[in-house]
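Single-structure report; data block below.
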Amino acid sequence: MATEQTFIMVKPDGVQRGLVGEIVGRFEKRGYQLVNAKMVHASQEHLEQHYADLKGKPFFPGLIKYMASGPVFATVWQGKDVVKQGRALLGATNPLASAPGTIRGDFAIDVGRNICHGSDSVESAKKEISLWFGQDGSIPYKRAVDAWIY
Ligand code: RTP
């Protein structure tokens, strides 16, 4: 059974535009398992921690303001190669470079309003799951359908 996990977040613009169901649906339909989820209106401090590696970038203050402007939908997904495949489902960071068929390629135009976030490595996924969900990062459960997915 594949136990790799990733952190996928619907950003404030995705929540406002009613894309939570669409994004969750794409991961579910691909075969990935939702193992945690919650809506959070994150503080600036929390977001600065999440994006700590981008501190110093010219777009950092605008990014934090945008991310703190409304609630986000934070999720944890599990399955085979889910970190890499999660990023593939989201599409390139700049929506103008995202292939049609990806989430950003279908629903976004501007890099500053790119709808969703996905961990870029297994290591970052572990850190992000812990930052957003604490010790109880996931709620494990068995799915009968896994026998048809794997
Ligand atoms: P994310 O963390 O949100 O999944 O994005 P990413 O890894 O694909 O890209 P990253 O370079 O980590 O950038 C994080 C977020 O910052 C915003 N951004 N704005 N104005 C700009 O040039 C610019 N560049 C990046 C985007 O919202 C990006 O997702």
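What would the Debye formula give as log10 I(q)/I(0) at q = 0.26 Å⁻¹ for the alpha-carbon point model of the stretch 73-150, no solvent?
-1.16
Quick check on the chain: helices-only [θ] at 222 nm, where DSSP H runs of length 4 and up contribute -39,500 (n - 2.57) each and the sum goes over total residues. Nearest 500, please.
On the way: 8 runs with 61 residues, N = 150.
The per-residue figure over the chain is -10500 deg cm²/dmol.
What's the ranking of 89-95, 54-60 by average number of surrounding C-beta atoms within 10 Å, highest first? Numbers along the way, then the final one.
Values: 89-95: 19.1, 54-60: 10.1.
Answer by packing, highest mean first, reads 89-95, 54-60.
Please identify the trypsin sites (Lys or Arg not before Pro) of the stretch 62-125 that satisfy two criteria: DSSP loop assignment and at most 14 other Cβ atoms within 10 Å. Which are they? Numbers along the way, then the final one.
Details: sites: K65, K80, K84, R87, R104, R113; in loops: K80.
Those satisfying the criteria are K80.
Please give, to one decimal in nm, the separation of the simple spin-label points placed at Y51 and K65, each 7 Å out from Cα toward the Cβ.
A separation of 1.1 nm, rounded to one decimal place.
Do the alpha carbons of any pairs in K57/K84; K11/K142; K29/K55; K57/K80; K65/K142; K11/K84 sit beyond 27 Å of each other, and which pairs? Could the numbers behind the result be given before it?
Values: K57/K84 25 Å; K11/K142 29 Å; K29/K55 35 Å; K57/K80 33 Å; K65/K142 39 Å; K11/K84 19 Å.
Too far apart for the 27 Å limit: K11/K142; K29/K55; K57/K80; K65/K142.
Once you treat every alpha carbon in the chain as an equal point and sum by Debye, what is log10 I(q)/I(0) at q = 0.08, 0.12, 0.13 Å⁻¹?
-0.21, -0.47, -0.56
Put a dot 7 Å past each Cα toward the Cβ at A92 and I139; how far apart are the dots in nm?
Once both label points are built, they end up 3.8 nm from each other.
Since every read-out is calculated from the coordinates, none of them should be taken as a lab result. Here the structure is a predicted model, which is why all the values come from computation and not from measurement. With ideal geometry, Cβ positions are generated from the backbone for all residues, glycine too; neighbour counts draw on all protein chains shown.
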